[in-house]
1. For region 24-51, list residues with backbone N below 20 Å from a point placed 7 Å from the Cα of residue 17 toward its Cβ?
2. If I stretch the segment between residue 134 and residue 73 completely, what's the gain in nm (0.36 nm per residue apart, minus their alpha carbon distance), one decimal?
3. Estimate the FRET efficiency between residue 29 and residue 90 by the formula 1/(1 + (r/R0)^6), using the beta-carbon distance for r and 41 Å for R0, to the nearest 0.05.
4. Under 23 Å Cα-Cα from residue 47, which lysines qualify once same-chain neighbours fewer than 8 residues away are excluded?
5. Using a 1.4 angstrom probe on heavy atoms only, work out the carbon and sulfur share of the accessible area of region 50-122 in %.
6. With N set to the number of residues, divide the alpha-carbon radius of gyration of region 1-60 by 2.2 N^0.38 Å and report two decimals.
7. What whole-number value in Å² describes the accessible area per residue of the chain for a 1.4 Å probe?
8. Over the Cα atoms of region 30-157, what radius of gyration and what Dmax do you get, in Å?
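The values are calculated or read from the model by the stated rules, or taken from the named source; none is laboratory data. Bear in mind the structure is a predicted one, so any value in this text is a computation, not a measurement. Note: ideal-geometry Cβ built from the backbone for every residue, glycine included; neighbour counts use all protein chains shown. Just so you know, the surface numbers come from the protein's heavy atoms only, side chains and all, with ligands and any DNA or RNA stripped out. Shrake-Rupley method; radii C 1.70, N 1.55, O 1.52, S 1.80 Å.
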Amino acid sequence: MDKLLQVLDTNARLSAEQIAVMLGVSTAEVEARLEALEKAGVVRGYKALIDWDKTDREYVTAYIDLQIAPSKDRGFDGVAEAIMAFDEVESVTLMSGGYDLSVKITGRSFKDVAMFVAKRLSPLDGVLSTATHFVLKTYKERGVLFDSEEKDERGLI
């Protein structure tokens, strides 16, 4: 994997100058490489990792496993595209194993999520079954520990 991508994946807030120092290249090289990665669609955006439990935002996150009957002409893509069009949907992923698609959604309440599944997702052509899993607590995401006290470098905390 490209070292620049590894740095961005760890901390996308670093400046081009900081990344250049870390990689031992010029700032111009970093900027040119970033521009090329963005143009090629490799870098799709820059996003903060937020611990929503430490905010006053009221929401519910759920992962929904779907079994799909793929169509002859589009396979799983047609159902995935229909699901991606819903505003509640944060991600759609093709999976191997016991189910075909994994869908991550956010709603205002458990009932909102349940009604989304029952009235919008389940009736889609090709959807054979759903299994909804509600997120109760996040312990670690993208390599970052949540709900842990920061350790003082001197070992005081």
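1. From region 24-51, the list is 24-35.
2. So the extension gain works out to 18.6 nm.
3. 0.75
4. Filter leaves 3, 39, 104, 137, 140.
5. 51 percent
6. 1.40
7. I get 72 Å² per residue for the chain.
8. Radius of gyration, then largest Cα-Cα span, for region 30-157: 18.6, 62 Å.
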